[in-house]
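Shown next, in structure tokens, is the structure this report addresses.
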Amino acid sequence: MTLHRREVVKTLLAERGELLVVAGLGSTSWDITAAGDAPLNFPLWGAMGQAAMVGLGLALAQPKRSVLVITGDGEMLMGMGSLATIGVQQPSNLTLVVIDNERYGETGMQKTHTAHGVDLAGVARACGFKYSKTTSSLKALRSIIHKGAGPNFAVVKVAAEKLPLVLPPLDGVALKERFRRALLGDSADVLSQKR
Amino acid sequence: MQPDWPQEVHRALSTAQVRIVAYVPDAGHQRLIELCQGDRKMRSVVLTTEEEGIGLACGAWLGGEKSVLLMQSSGVGNVINVAGMLRTCGIPLLMIVTMRGEQGEFNSWQVPMGEATPGVLQAMGVSVRRASRAQEIAPFVADALRHEQATAVLISQGVIGIKSFRQ
């Protein structure tokens, strides 16, 4: 059965509760926005390759909250070293999900390395992720995201399709501030040390 | 007597409640890295490339924590594109950069990036402070942590000493 990226992301984010969500540059930022823009979403509009590391920083700063990074295969390939870095840190509250259409979707649907057989779940497993699988079982994945003893990694293969853009806010400072206020409350605006 | 700058910088990081210390090692940072690793209130994060420190800093700040990135000047070249996020999102990352390619450098391959380091940082909107004496380092670090802006403190090769290839 072929899965479609927007339905996959919508299913993963349904009834998300307190989940903190980072999305990688490109289609996955549009996907999480199509599922419903939210203050605790941080969609990246740049910094290709850094989605997993933004997730790691968040997971280390907020060890009691579940953190989900949703990114594409091209974005993950650019930051493959971060899988080794996360493997060393072993954040139990972090899950990475790669929405894998085997294409660079924003630039003309050129094939990525995963179209040629590169196995990202295999790389993550070798880097020490506690759970790492290519899966189509979204129900099981939802439970891993919310309860799993991570770090967790999943690849979900989806159809290569060009979809209408659903764009999140573009202003990086505004995205950061709404996220921090939603997560940290009033202390987000307080200076972090005495002067 | 030379001031013990790694100890002073560690104290400044501790005072500012920096809890996440990311690094790609440099011989000049060895002692500071060890002090941070030995501090139970700090989480040391070894990176595969300096770029990862930018993403990490962004995520940590979203979660309410300050971080610092320790690297040598060659690493500045590795962060250029993603450093744009610091400015676009207003992320207050402190980078402490040990310089290579300056006076007395043996390895000429270090010279181009060493020469370009301050210009590259400034071109990406990162404030640059150059410490040419050991006693300047910790005060620059403390200032940068107070100002909560993307700042790089460059430590001259003269302070660190020249890497020897005779060992």
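Each reported figure results from applying straightforward, stated rules to the coordinates on display, with no laboratory input. This structure is a prediction, so every number in the text was calculated from the model and none was measured. With ideal geometry, Cβ positions are generated from the backbone for all residues, glycine too; neighbour counts draw on all protein chains shown.
What the table shows:
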{"read-out": "Listed peptides A:162-174, B:19-31 by packing density, highest first (mean Cβ within 10 Å)", "value": "B:19-31, A:162-174"}
{"read-out": "Bins of 5 Å, starting at 0 and running to the largest distance - Cα pair percent for region A:123-195", "value": "3, 11, 13, 11, 11, 17, 20, 8, 4, 2, 0"}
{"read-out": "Cα-based shape type of region A:1-151, given that a ≥ b ≥ c are square roots of the gyration tensor eigenvalues and the cut on a/c is 1.5", "value": "rounded"}
{"read-out": "Of the DSSP H helices in chain B, those whose Cα atoms cover at least 24 Å axially and whose Kyte score averages 0.0 or more", "value": "none"}
{"read-out": "Above-threshold pairs, the threshold being 21 Å between Cα atoms, out of A:Lys147/B:Lys66; A:Lys176/B:Lys66; A:Lys130/B:Lys41", "value": "A:Lys147/B:Lys66; A:Lys130/B:Lys41"}
{"read-out": "Ranking of B:Val97, A:Val69 by count of other Cβ atoms within 10 Å, fewest first", "value": "B:Val97, A:Val69"}
{"read-out": "Cβ charges +1 (Lys, Arg) and -1 (Asp, Glu), total dipole of the protein assembly as shown, debye", "value": "800"}
{"read-out": "Fluctuation leader among B:Ser74, B:Ser132, B:Ser108 - chain B, Gaussian network, Cα springs under 10 angstrom", "value": "B:Ser108"}
{"read-out": "Within a Gaussian network of chain A (alpha carbon springs, distance under 10 Å), most fluctuating of A:Leu77, A:Leu25, A:Leu120", "value": "A:Leu77"}
{"read-out": "Contact order relative to length of region B:72-167, as percent, for alpha carbon pairs under 8 angstrom and 6 or more apart", "value": "37"}
{"read-out": "Size of the protein assembly as shown as Cα extents on the principal axes (Å, biggest first)", "value": "71, 46, 34"}
{"read-out": "Highest-MSF residue in chain B out of B:Leu13, B:Leu93, B:Leu62 [GNM, Cα springs under 10 Å]", "value": "B:Leu62"}
{"read-out": "From phi via Karplus (6.51, -1.76, 1.60), per-residue ³J(HN,Hα) for region A:18-23 in Hz, x at Gly/Pro", "value": "8, 4, 9, 10, 10, 10"}
{"read-out": "Lysines whose Cα lies under 27 Å from that of A:Lys111, excluding same-chain neighbours fewer than 8 positions away", "value": "A:Lys10, A:Lys133, A:Lys157, A:Lys162"}
{"read-out": "Amide proton proximity set for B:Val45, modelled H, under 5 Å, gap of 5+", "value": "B:Val21, B:Ala22, B:Tyr23"}
{"read-out": "Which of A:His4, A:His116 has the fewest Cβ neighbours within 10 Å, and the rest in rising order", "value": "A:His116, A:His4"}
{"read-out": "Relative contact order of region A:5-189, pairs being alpha-carbon contacts under 8 Å that are 6 or more residues apart, as %", "value": "23"}
{"read-out": "Amide H partners (placed H, <5 Å) of B:Thr98, local residues excluded", "value": "B:Met71, B:Gln72, B:Ser73, B:Ile155"}
{"read-out": "Value of relative contact order over chain B, rounded to a whole percent, pairs C-alpha under 8 Å and six or more apart", "value": "24"}
